[in-house]
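A quick write-up on the structure given underneath.
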């Protein structure tokens, strides 16, 4: 006889009988089901000795749905190969699901949802789920970080001759013109090392800057070296926070022709593109990384991964593709 899953009505009956103190064999006779079916149901969906029919029904639906998701990728070798390859390149399931439409515009077989990809990764039978694939996913914070009070006293010394972000042209804010960048540094172990990050506001193109030191002269020289490789039309402005490492901003502007604007204290949203990028970079360079031990080759690899990653904000095109359009 072909086995059929328990219905919601049967599950409600199981819940009711268990509350009455009735055992598994009597329940099985009442439902005309085998005792093993009832026992298996309780092993799957009873938690801490309690069985809830509604919860069991929802979990069963999810479980069957998961099975179908797994089958979809298992049956389509080409789709599975694409998904796993993209994950190994640190693309998120959302980026993969939307990017594939661009790369295979007329191929309906090459379609997969974000949820299907997550399901495939997390619900495969034990032994088939690759630990290395899970490690490629970005792990978001589970709780919101405590925000500093806007009334907190500013303790850092002021940078001389700063140009406020309030003087920045309107076309920078609305991203209508390329060539405007946001900059920062991410700190390494014990705040003894750092890595510079510069992001173009319109295309989200990233430049990673190896630093020999955190002092103003070292940061200025390193940023100059990287940004002087840019075409003239891509060297318009740099928005920075009020970190003292940018104290030599006037000399930086003189040597690069890039004007520096400073955001207000404790206002990371004024450099939101850079702040978001720094968060993404922590997947590759977690807190505690000693940047003095990270090679230029490793840094370039991460920079390439970031610039070839499809971005939702770019319509799932990559920063590299968008930058190439502008430079044609």
Filter pass, residue 213 being in contact with a helix residue (DSSP H, G or I) (Cβ under 9 Å, 6 or more places away or on another chain), crowded, with 21+ Cβ neighbours inside 10 Å and within 22 Å of residue 282 (Cβ to Cβ): no
State whether the residues of the stretch 49-71 include one that is farther than 30 Å from residue 302 by Cα, crowded, with 16+ Cβ neighbours inside 10 Å and modelled with pLDDT of 85 or more. yes
Which one of these is under 30 Å from residue 303 (Cβ atoms), under 41 Å from the mean Cα position of the chain (by Cα), in a helix (DSSP H, G or I) and at pLDDT 85 or above: 91, 78, 11? 78
Pairs under 6 Å by beta carbon, first residue within 17 Å of residue 13 (Cβ to Cβ) in the stretch 53-65, partner modelled with pLDDT of 75 or more and in a helix (DSSP H, G or I), six or more apart or different chains? 53/11; 53/12; 53/15; 56/11; 56/45; 57/8; 57/11
Within the set of pairs 6+ apart or on separate chains, which have a first residue in the stretch 4-23 that is over 13 Å from residue 42 (Cβ atoms), a second that is modelled with pLDDT under 90 and surrounded by 14 or more Cβ atoms within 10 Å (Cβ to Cβ), and C-beta atoms under 8 Å apart? 5/60; 8/53; 8/57; 12/53
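The values are calculated or read from the model by the stated rules, or taken from the named source; none is laboratory data. If you're wondering where the values come from, they're calculated on a predicted model, not measured in any experiment. FYI the Cβ positions are ideal-geometry reconstructions off the backbone, even for glycines, and counts take in every protein chain you see.
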